[in-house]
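Chemist: Let me give you the structure first, and then I'll get to my questions.
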Amino acid sequence: MEEKIQQFITYIEKEKRASYNTRISYERDLRKAKAYFEQFGMTEVNEITATSVTSYLLYMEKKGFSTATISRSITVLKKYFQYLVRSGWISMDPTEQLQSPKVEKKTIDVLTMEEVELLFEQPSKRTTKGIRDRAILELLYETGIHVNELIQLKKENVNLELGYLVCEGEKQTKVISFETIAKEILKEYIEEARPQLEKGETDILFLNRSGQTMSRQGLWKMIKAYASQAGIKKEITPHVLRTSFSFHLLQKGWNGNEANDLFKKINWKEMKE
């Protein structure tokens, strides 16, 4: 069975131009299924039946796997066995009658203006970390910037005088403006707090206590800690701040295309952040 999995992975990589992440995900799901089938003596692909596949999916359900995970596994198994049929390794597809369970769309919490203000009040105005964290929160909210873009910002990417920052991505460069409040807080961070965080020469804008680039995980934990401190019960992530930013633009009556487009993108296409 291992040989067939490897051949299938090579097929989706070379023939279907599957991405690295897709290849890794498919390989992981197939190896999990392989381990299950082999427990019951099914070591060859032609020994796997519709009943055994259903048994595997029931096993996943009992183990507490999410509907989304089970649905993905069904998709992978279907493509795998369809490939085996086309290649002549098996004559019948044991997944032919399988249907993926419906995956409920995850709703996103949006903060009220009062909750945003309450969240921003939590970082201390008297500590280096507090000044840095307030600047991060303001930028996340006012610019809709991605976490990866924020932690990769360099000092030279920020123009305080004109109030904009430049995000240099692999595919495109974005210029994003920010308001007066963020400008003042960012200026305070750059001039007063950041020099105290520096442990050596680096052009990265936001530094952790070790003088290194902040991590995504560290930034997430920081936001959650302040939300808890503020007594906000909603699940708050950098993504929620971005959603709230665009939603509040619309609430204020700014009905421009940019606000609408950003709101649509944030809500339905960027759930990973």
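Chemist: Quick check: is even one residue across the stretch 27-43 under 30 Å from R242 (Cα atoms) and either open to solvent by 60 Å² or more (accessible area, probe 1.4 Å) or among the charged types (D, E, K, R) (or both)?
Modeler: No - not one qualifying residue is present in the stretch 27-43.
Chemist: V175 is checked against (1) surrounded by fewer than 17 Cβ atoms within 10 Å (Cβ to Cβ); (2) touching a Ser or Thr at 6+ places or on another chain (Cβ under 6 Å) and fails just one. What number does that condition carry?
Modeler: Unmet condition: (2).
Chemist: Would you pick out the residues in the stretch 189-204 that are in contact with a helix residue (DSSP H, G or I) (Cβ under 8 Å, 6 or more places away or on another chain), open to solvent by 70 Å² or more (accessible area, probe 1.4 Å) and among the acidic types (D, E)?
Modeler: Within the stretch 189-204, E192 is the sole residue that qualifies.
Chemist: Here is a further query. Can you name the condition, by its number, that Q99 falls short on among (1) assigned to a helix (DSSP H, G or I); (2) out of contact with any Ser or Thr (no Cβ under 9 Å at 6 or more places or on another chain); (3) modelled with pLDDT under 90?
Modeler: Failed condition: (1).
Chemist: Just checking, which of L186, L160 is over 22 Å from the mean Cα position of the chain (by Cα), open to solvent by 10 Å² or more (accessible area, probe 1.4 Å) and not β-branched (V, I, T)?
Modeler: Selected residue: L160, the only one of L186, L160 that is over 22 Å from the mean Cα position of the chain (by Cα), open to solvent by 10 Å² or more (accessible area, probe 1.4 Å) and not β-branched (V, I, T).
Chemist: On the given criteria, is E142 within 26 Å of I236 (Cα to Cα), in a helix (DSSP H, G or I) and among the acidic types (D, E)?
Modeler: For E142, the condition - within 26 Å of I236 (Cα to Cα), in a helix (DSSP H, G or I) and among the acidic types (D, E) - is met.
Chemist: Okay, moving on. If you take the residues in the stretch 113-139 that are in contact (Cβ under 8 Å) with a residue 24 or more places away in the chain and assigned to a loop (DSSP other than H, G, I, E, B), which one is surrounded by the fewest Cβ atoms within 10 Å (Cβ to Cβ)?
Modeler: Going through the qualifying residues, I end up with E121.
Chemist: Filter the stretch 205-226 for residues that are hydroxyl-bearing (S, T, Y) and either open to solvent by 50 Å² or more (accessible area, probe 1.4 Å) or touching a Gly at 6+ places or on another chain (Cβ under 7 Å) (or both) and give the result.
Modeler: Result: S210, T213, S215.
Chemist: A follow-up question, please. Being modelled with pLDDT under 85 and assigned to a strand (DSSP E or B) is the filter here; which residues of the stretch 145-174 pass it?
Modeler: The answer is C167, E168, T173, K174.
Yes/no matrix, rows are residues, columns are (1) in contact with a Lys or Arg (Cβ under 9 Å, 6 or more places away or on another chain); (2) acidic (D, E):
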site	(1), (2)
Q7	no, no
T22	yes, no
S25	yes, no
N46	no, no
Q99	no, no
E115	yes, yes
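Chemist: Within the stretch 140-155, is there a residue that is free of Cβ contacts under 8 Å to residues at least 40 places away in the same chain and open to solvent by 20 Å² or more (accessible area, probe 1.4 Å)?
Modeler: Yes.
Chemist: Does the stretch 9-16 contain any residue that is free of Cβ contacts under 8 Å to residues at least 12 places away in the same chain and surrounded by 14 or more Cβ atoms within 10 Å (Cβ to Cβ)?
Modeler: yes
The values are calculated or read from the model by the stated rules, or taken from the named source; none is laboratory data. Nothing here was measured: the structure is a model prediction, and the numbers come from that model. Virtual Cβ from ideal backbone geometry, glycine too; neighbours counted across all protein chains shown. Side chains included, ligands, DNA and RNA excluded: accessible areas come from the protein's heavy atoms. Shrake-Rupley method; radii C 1.70, N 1.55, O 1.52, S 1.80 Å.
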